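Report on one structure; see the data block that follows.
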Amino acid sequence: MHLQSHLTHEKKTYDILVKQLGEEDSRTQDSQNWMKTFKARELQMNAQKQKGQTLDATSAQKAIDILKAS
């Protein structure tokens, strides 16, 4: 599945969770973290495409780790 599709699906999930459970619920926060992860991966892939590089697992994991730390 394409990253944009993942992001779109997760946004719908997040919106439902906010309405049903509220923003403070851990499941809602998990969904928000996934959206950040998908956005970061997409940004990274776009930046690497501009440089003519391919996305590798190590750099993708670094982006995920940075987001989780914040």
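The numbers here are math on the coordinates, done by the rules we state, and not lab data. Since we're looking at a predicted model, the values are computed, not measured. With ideal geometry, Cβ positions are generated from the backbone for all residues, glycine too; neighbour counts draw on all protein chains shown.
So for each of 39-46, 21-28 I average, over its residues, the number of other beta carbons within 10 Å; can you give me the resulting order with the highest mean first?
39-46, 21-28
In nm, what is the difference between 0.36 nm times the number of residues separating T58 and L43 and their Cα-Cα distance?
Result for the pair: 3.9 nm of gain on full extension.
Please name whichever of Q48, A63, S5 sits farthest to the positive end of the charge dipole of the chain, dipole taken about the Cα centre and charges placed at Cβ: Lys and Arg +1, Asp and Glu -1.
About the Cα centre, the residue reaching furthest to the positive side is Q48.
Would you mind working out the magnitude of the charge dipole of the chain relative to its Cα centre, with +1 at each Lys and Arg C-beta and -1 at each Asp and Glu C-beta, to the nearest 20 Debye?
300 debye
Between [x] 50, 29, 14; [y] 43, 21, 20; [z] 43, 24, 15, which matches Cα extents along the principal axes in Å calculated for the structure shown?
Computing Cα extents along the principal axes in Å and matching it to [x] 50, 29, 14; [y] 43, 21, 20; [z] 43, 24, 15 gives [z].
What are the ³J(HN,Hα) couplings of region 22-36, residue after residue, when phi is run through the Karplus curve with 6.51, -1.76, 1.60 and θ = phi - 60°? Round to Hz, x for glycine and proline.
x, 5, 8, 5, 4, 5, 5, 5, 4, 4, 4, 5, 5, 4, 4
For region 2-11, take each phi angle, set θ = phi - 60°, evaluate the Karplus expression 6.51 cos²θ - 1.76 cosθ + 1.60, and give the result in whole Hz per residue in order, putting x for glycine and proline.
6, 4, 5, 5, 4, 5, 4, 4, 5, 5
Straight-line reach from K12: which lysines have a Cα under 30 Å away, not including same-chain ones fewer than 8 places off?
Leaving aside lysines fewer than 8 places away in the same chain, those within reach of K12 are K36, K39, K49, K62, K68.
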